[in-house]
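Peer 1: Take this structure, written in structure tokens, and hold onto it; I'll ask about it next.
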Amino acid sequence: MTGSSPQPEGGLTAAELVAIRADFPVLGRRLAGGHRLVYLDTAATAQRPRVVEDAMRDFAENRNAGVHRGAHQLAAEATEAYEDARTKIAAFLGAAPWELVFTSGTTGAINLLVASLTAAAGGRAEGAARRFALLPGDRIVVTQAEHHSNLVPWQRLAAVTGAQLAYLRVDAEGRVRTDDLADAVTPRTRLVAFTHASNVSGAITDVATVVRAAQAVGALTVLDAAQSAPHLPFDFGALGVDFAAVSAHKMLGPNGIGALLGRSELLEVMPPGFTGGSMVEIVTMSEATFQPPPTRFEAGTGPVAQAIGWAAAVGYLAALGMDRIAAHERALTARLLDQLGALAGVRVLGPTAARGRTGAVALDIAGVHPHDAGQFLDDFGLAVRVGHHCAQPIHRAFGVTASTRASLGLYNTAAEIDRFVEVLSQVRGYFGVVR
Amino acid sequence: MSSLDSIYQELIMDHARHPQGKGLTEPFDGESFQVNPTCGDQVRLRVVLDAPPDADRPSSRLSQVAWDGKGCAISQASASIMTELVAGLPVDRVEQLDALFSELMRSRGAPVSAAVEDALGDALAFAGVSRYPMRVKCAILGWMALKDALSKALAGDASPARVPEGI
Ligand SMILES: Cc1ncc(COP(=O)(O)O)c(C=O)c1O
């Protein structure tokens, strides 16, 4: 499918790509009308290689048990597998194992953080935990590029604490602007929450500059890495943020699991957002003492099989190399942007060059609503996402309510890009916008 | 007919290009603002009732429907066809048609009752849409707004619909 054209430097070879695609059974699927699936919706959820399902099935069939409880052999093996998964995933993300708190996903991670900060604001925060207690008149800074899951929870925290919410705007290409950082990040700013890569524009945020401005006023930084960790080499320690949130299902892993990464000195002193079993030491009828992190933040029975599947997914990514995956996706993105540039009536809602962006490419098609465009593309087996992609404010910034988004993954090919553009070029004709 | 053409029938495309009843008018007896949560498409719809019911005419009549909104071909055409279908009818008949249209949208392409066939007229063109659960919301957006605006009007609530800040 990829032809014999030489692969871009550092990317995946044609032979590798064939082998990779064979690892993802669903990519061989034929859809209604006999069309072969062209999956261009990885930003919503990535397809999973067989090794992920195999690891989860192996766990279910041979080791399934509750973790961190029980003395029997299965319980011990399950606990070891769970903690081993934590270590592997943390290493892949550039964090220490005790800096990785399992959550239900990115949304779960941000809400856990908000719950922890809400608990701190409850008035009883003492000593180091005061760092997490926001007061009326304090400020939370977000950006216009946020997914609703890194926006609405902060609106809630602001409402609960009396803090005010301010935001950084995006530029014409949907990139978080850092030129008005000095205005937005005031001395009363306690927290800056921002996306690493937009799920709409694909633009990658200048993390270092935002972190510097936040640190200058002692504000905590929270990075939404849902769209970056799956596509770029990701190093939590090197990025210098205090917290980061990721979802396994966007990086070849299963649903229902993700993580909150937190710098260990912060997790040490942060109050738990959720309480209950597994996260406590001593419980009396009137009070409880809590375990050290990350356990303190993992109330209840954890997603054990999912953690094991996720570890297999990061193993798959690491074996290929994130730098090579990124190079492959960048070459495909360049090819896509190039061809889109020649298409009349199609506007890219994001940077039009492949540098500094991911392969999430949202489009505004003149005269055709995204739902209609998506329906047309679907009829040819092309799976794209239509709508606001849970990011209404950035769409408003682009002057639209919704868009048609193609998003790439490591398994996509140049031939698929060409096919997408070929079908896309017929959309306006079908809907009678051009004759 | 291809599955695509079964959705985008000529009648639907005509209404999408030339929507009926589009453009808000004043005064009104009830107003509704509805959003399709998946795409953020919006419709604002106003109804005007004629005189309250009396002994001769046990039900009020829907004398006017006016709406405005942004949306896909399906949502725009559906609001348009709905407007033509219901304007001037007694309110209880409008409520019946709403229920029948809901039945059509739940049919998933299966044959529908004679009541639906007989009553819905041009709105039957949306039978093809019922096979795409993701698009049903588009087709019912206008109907939802109509139902809401009517119930407000019948309750004597002519206040403007609430619209979120910053939209
Ligand atoms: C940038 C971004 N943040 C957050 C999320 C939310 O992820 P999840 O739904 O897995 O919690 C997504 C996924 O849609 C995303 O793209």
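Peer 1: Defining a contact as two alpha carbons under 8 Å apart and six or more residues distant in sequence, what relative contact order in percent does the range A:54-317 show? The partial results should precede the final answer.
Peer 2: Values: 531 pairs, mean separation 65.7, N = 264.
Normalised by residue count, the contact order of the range A:54-317 is 25 percent.
Peer 1: For helix A:414-430, report the angle its Cα long axis makes with the longest principal axis of the Cα atoms of chain A; keep it between 0 and 90° and round to the nearest 10°.
Peer 2: For helix A:414-430, the angle is close to 70 degrees.
Peer 1: May I pose another question? Looking at A:A43, A:L93, A:V160, which one has the Cα that reaches farthest to the positive end of the dipole of the protein assembly as shown (charges on Cβ: Lys, Arg +1; Asp, Glu -1)?
Peer 2: Result: A:L93, furthest along the dipole toward the positive end.
Peer 1: Let me ask something else. For the protein assembly as shown, evaluate the Debye formula with one uniform point scatterer on each Cα (no solvent term) and list log10 I(q)/I(0) at q = 0.11 Å⁻¹, rounded to two decimals.
Peer 2: Relative scattering, expressed as log10 I(q)/I(0), comes to -1.12.
Peer 1: Further question on the same structure: Roughly what percent of Cα-Cα pairs across the range B:1-89 reach past 21 Å? Working shown, then result.
Peer 2: Working: 1579 of 3916 pairs.
Roughly 40 percent, rounded to a whole number.
Peer 1: So for A:K250, B:K137, B:K147, what's the accessible-area order with a 1.4 Å probe, most first? Write out the running numbers ahead of the final one.
Peer 2: Numbers: A:K250 35, B:K137 95, B:K147 130 Å².
Accessible-area ranking of A:K250, B:K137, B:K147, largest first: B:K147, B:K137, A:K250.
Peer 1: Below 13 angstrom from the Cβ of B:L11, what's the summed charge of the other residues (Lys, Arg +1; Asp, Glu -1)?
Peer 2: Values: positive: B:R17; negative: B:D5, B:E10, B:D14, B:E84, B:D122.
Taking every Cβ under 13 Å from that of B:L11, the sum is -4.
Peer 1: I want to verify a result. In a Gaussian network model of chain A, Cα cutoff 10 Å, which of these has the top mean-square fluctuation: A:V211, A:V400, A:V170?
Peer 2: Maximum among the listed residues: A:V400.
Peer 1: Continuing with this model, one more query. Given the DSSP H assignment, sum -39500 (n - 2.57) over each helix run of at least 4 residues in the protein assembly as shown and divide by its residue total; what's the result at 222 nm in deg cm²/dmol, nearest 500? Numbers along the way, then the final one.
Peer 2: Working: 20 runs with 232 residues, N = 602.
Helix-only estimate at 222 nm: -12000 deg cm²/dmol.
Peer 1: Next question, about the same structure. Along the charge dipole of chain B, Cβ charges K/R +1 and D/E -1, which of B:A139, B:V112, B:Q20 sits furthest on the positive end?
Peer 2: B:A139
Peer 1: Could you grab the relative contact order for the range B:3-154? Cα pairs under 8 Å, six or more apart, rounded to a whole percent.
Peer 2: Values: 269 pairs, mean separation 46.5, N = 152.
Once divided by the residue count of the range B:3-154, the mean separation gives 31 percent.
Peer 1: Per the Kirkwood formula on distinct C-alpha pairs, the Rh of the range A:297-435 is how many angstrom? Can you show the working numbers first?
Peer 2: Working: mean 1/r = 0.0597 Å⁻¹.
16.8 Å is the Kirkwood radius here.
Peer 1: Quick one: how many lysine pairs in chain B have C-alpha atoms under 19 angstrom apart, if they're 8 or more apart or on different chains?
Peer 2: On the way: B:K22/B:K70; B:K22/B:K147; B:K70/B:K137; B:K70/B:K147; B:K137/B:K147.
The number of close lysine pairs in chain B is 5.
Peer 1: Among all helices in chain B defined by DSSP H, which have a length of 24 Å or more along the axis from Cα atoms plus a Kyte-Doolittle mean of at least 0.5?
Peer 2: Working: long enough: B:133-154 (31 Å, 0.64).
Result, helices passing both filters: B:133-154.
Peer 1: Which value, in nm² and rounded to one decimal, describes the direction-averaged projected area of the C-alpha convex hull of the range B:80-167? Spell out each step's value before the answer.
Peer 2: Details: hull surface 27.2 nm².
That works out to 6.8 nm², a quarter of the Cα hull's surface.
Peer 1: Suppose every K and R has +1 on its Cβ and every D and E has -1 on its Cβ; what is the size of the dipole of the protein assembly as shown about the Cα centre, in Debye to the nearest 20?
Peer 2: Details: 53 positive and 62 negative charges, 129 e Å.
Magnitude of the dipole: close to 620 debye.
Peer 1: For all pairs of alpha-carbon atoms in chain B, what percent lies in each bin of width 10 Å, listed from the first bin to the last filled one?
Peer 2: Each 10 Å bin holds this share of Cα pairs: 11, 40, 35, 13, 2, 0.
Peer 1: Follow-up question, since we're still on this one. Looking at the calculated P(r) for the range A:145-233, what percent of the C-alpha pair distances fall above 20 Å? Please report the intermediate quantities before stating the final value.
Peer 2: Values: 1262 of 3916 pairs.
Cα-Cα pairs in the range A:145-233 separated by more than 20 Å: 32 percent.
Peer 1: Could you grab the relative contact order for the range A:1-137? Cα pairs under 8 Å, six or more apart, rounded to a whole percent. Before the final figure, lay out the partial values.
Peer 2: Details: 81 pairs, mean separation 12.2, N = 137.
Normalised by residue count, the contact order of the range A:1-137 is 9 percent.
Peer 1: With everything on Cα atoms, drop me the angle between helix A:73-93 and the longest principal axis of chain A, reported from 0 to 90° to the nearest 10.
Peer 2: With rounding to tens, the tilt is 60 degrees.
Peer 1: Return P(r) of the range A:54-317 (all Cα-Cα pairs; 5 Å bins starting at 0; whole %; ordered from short to long distances).
Peer 2: With a bin width of 5 Å, the distribution comes to 1, 6, 13, 17, 19, 16, 12, 8, 5, 2, 1, 0.
Peer 1: For peptide B:65-76, what's the mean number of Cβ atoms from other chains within 10 Å of each residue's Cβ?
Peer 2: Values: counts 0, 0, 0, 0, 0, 4, 5, 11, 7, 4, 3, 1.
Taking the mean over all residues of the peptide, I get 3.
Peer 1: Additional query: Choose one answer from A:E265, A:E53, A:E99: the residue with the largest mean-square fluctuation in a GNM of chain A with alpha-carbon springs under 10 Å.
Peer 2: Its mean-square fluctuation being the largest, the pick is A:E265.
Peer 1: Then there is this: Eigenvalues of the Cα gyration tensor times 5, then square-rooted: what semi-axes does that give for the range A:368-425, in whole angstrom, largest first?
Peer 2: Working: eigenvalues 97, 37, 17 Å².
One finds semi-axes of 22, 14, 9 Å for the range A:368-425.
Peer 1: Note down the accessible area of B:R61, probe 1.4 Å, to the nearest 10 Å².
Peer 2: Here the residue's solvent-accessible area equals roughly 80 Å².
Peer 1: At a 10 angstrom cut-off on C-beta neighbours, averaged per residue, how do the peptides B:71-80, A:175-184 rank from highest to lowest? Spell out each step's value before the answer.
Peer 2: Working: B:71-80: 26.9, A:175-184: 16.3.
So the order, starting with the most tightly packed, is B:71-80, A:175-184.
Peer 1: Quickly rank A:276-286, A:59-69 as a protection proxy: mean count of other C-beta atoms within 10 Å, highest first.
Peer 2: Numbers: A:276-286: 11.3, A:59-69: 15.5.
Going by the mean number of other Cβ atoms within 10 Å, highest first, we get A:59-69, A:276-286.
Peer 1: Also: On a 0 to 90° scale, report how tilted helix A:322-341 is relative to the longest principal axis of chain A, with both axes built from alpha carbons and the result rounded to the nearest 10.
Peer 2: Once rounded, one gets 40 degrees.
Peer 1: So, by mean Cβ neighbours within 10 angstrom, what's the order for A:316-325, A:218-227 with the highest one leading? Don't skip to the end; give the middle numbers.
Peer 2: Working: A:316-325: 15.8, A:218-227: 25.5.
Taking the mean over residues of other Cβ atoms within 10 Å, the ranking is A:218-227, A:316-325.
Peer 1: By DSSP, what percent of the beta bridges with both residues in the protein assembly as shown are antiparallel, rounded to the nearest 5?
Peer 2: Values: 40 of 60 bridges.
Bridges in the protein assembly as shown are about 65 percent antiparallel.
Peer 1: In whole angstrom, note down how far apart the Cα centers of the range B:48-118 and the range A:365-421 are.
Peer 2: Here the answer is 33 Å between Cα centres.
Peer 1: Would you kindly find the accessible area of A:H369, with a 1.4 Å probe and non-protein molecules such as ligands, DNA and RNA excluded, rounding to the nearest 10 Å²?
Peer 2: Number for this one is 30 Å².
Peer 1: Sticking with this structure for a sec: For B:V112, what is the net charge nearby, where nearby means another residue's Cβ is under 13 Å from its Cβ and Lys, Arg count +1, Asp, Glu -1?
Peer 2: Details: positive: B:R106, B:R108, B:R131; negative: B:E103, B:E117, B:D118.
Local net charge: 0.
Peer 1: Please calculate the 1.4 Å probe accessible area of B:D29, with all protein chains present, and give it to the nearest 10 Å².
Peer 2: Approximately 50 Å² for this residue.
Peer 1: Counting Lys and Arg as +1 and Asp and Glu as -1, what is the net charge of the other residues whose Cβ lies under 11 Å from the Cβ of A:F243?
Peer 2: Values: positive: A:R263; negative: A:E99, A:D224, A:D242.
So the environment of A:F243 carries a net charge of -2.
Peer 1: Determine the shielding of peptide B:2-9 by partner chains: average, over its residues, the number of Cβ atoms on other chains within 10 angstrom of each Cβ.
Peer 2: Numbers: counts 2, 5, 8, 2, 0, 4, 6, 0.
Counting Cβ atoms of other protein chains within 10 Å of each residue's Cβ and averaging gives 3.
Peer 1: Largest first, please: the extent of the C-alpha atoms of the range A:233-336 along each principal axis, to the nearest Å.
Peer 2: Projected onto the principal axes, the Cα atoms of the range A:233-336 cover 63, 30, 22 Å.
The values are calculated or read from the model by the stated rules, or taken from the named source; none is laboratory data. None of these values were measured; they are calculated from a predicted model. Neighbour counts are summed over all protein chains in view; Cβ atoms, including those assigned to glycine, are modelled from backbone coordinates with ideal geometry. All accessible areas refer to the heavy atoms of the entire protein, side chains included, with ligands and DNA or RNA removed. Shrake-Rupley method; radii C 1.70, N 1.55, O 1.52, S 1.80 Å.
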